[in-house]
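Let me begin by presenting the structure, written as structure tokens, before commenting on it.
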Amino acid sequence: MENKCDNNLINPNWAKHGYIQVYTGNGKGKTTASLGLAMRALGRCWKVLIIMFTKGGDDYGELNSFRNLSPEIAQNLTIVQAGLDRIVYSNNKTRHDSEEIKKGWELAKKAILNDEYNLIILDEANIAIDLGLIDINEVLEVLKNKPEDMEIVLTGRNAKPEIIDIAHLVSEIHPVKHYWDTGIAARKGIEY
């Protein structure tokens, strides 16, 4: 079988410039959009890093899917969970949350500074920044000095205005209607 990720099969004249994208808002679909982008990039032989801030545990459908990618695609994907097995809010954050998230941020900084990936997704980074678990000034400095051809995506509610200002693409997802409002709980395969 032909390896579609051989460098000689990639168009050498493609425009290569990386941007900063932000998916924010109170609506559903921010992580889902970023993971769709990851799949698209992997299909084009990009090296992809996904750091899932505030998300630990093993019960995510996307992790099951990523584990079953073909070896040719999987070799270009790294996923790091930088969170405990629960959702973090301002009223339940702990020292352990902070430690896990800081480990993830240190890994992200290193990957960005060393130009190790084509696409880096910082899933729920906006929440970690909003909760004060990652220093916004440090994030801004790293993003402003990222490699020119690296694409970086930040997801999560409450994106700070400073992050929005330096981003090249911002999608704010607003809820118009959601079945949760009628008491329907999160469903496997849809919400996780």
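Worth pointing out:
- Distance violations [Cα-Cα > 18 Å] among Lys30/Lys103; Lys47/Lys110; Lys103/Lys144; Lys28/Lys188: Lys30/Lys103; Lys103/Lys144
- Cβ-based net charge around Met52, under 11 Å, with every Lys or Arg adding one and every Asp or Glu removing one: -3
- Its relative contact order, with pairs defined as Cα atoms under 8 Å and 6+ residues apart, puts the chain at 35 percent.
- Selection among Ile127, Leu143, Leu113 by position relative to the dipole of the range 78-159 gives Ile127 as farthest towards the positive end (Cβ unit charges, Cα centre).
- Three-way shape call for the range 17-182 based on the alpha-carbon gyration tensor, with the a/c threshold at 1.5: rounded
- Of Asn158, Asn145, Asn118, the one that fluctuates the most in a GNM where the chain has Cα springs shorter than 10 Å: Asn145
- Ordering Ile163, Ile20, Ile87 from the fewest to the most neighbouring beta carbons within 10 Å gives Ile87, Ile20, Ile163.
- Likely footprinting exposure, Met52, Met39, fewest C-beta neighbours within 10 Å first: Met39, Met52
- Three-way shape call for the range 137-192 based on the alpha-carbon gyration tensor, with the a/c threshold at 1.5: prolate
- Where labels lie 7 Å past Cα in the beta-carbon direction, separation of Glu141 and Thr94 in nm: 3.1 nm
- When +1 charges are put on Lys and Arg Cβ atoms and -1 charges on Asp and Glu Cβ atoms, the dipole computed for the chain relative to its Cα centre reaches about 360 debye.
- Under a Gaussian network description of the chain, with springs only between Cα atoms under 10 Å, the residue in Ile101, Ile127, Ile166 that fluctuates furthest is Ile166.
- Residue separation of Asn26 and Glu172 scaled by 0.36 nm, minus their Cα-Cα distance, works out to 51.8 nm of gained length.
Read-outs throughout are calculated quantities, based only on the coordinates presented, and are distinct from any laboratory measurement. Note that this is a predicted model, so its numbers are computed, not measured. No Cβ is skipped: glycine too gets one built from the backbone with ideal geometry, and neighbour counts run over all protein chains shown.
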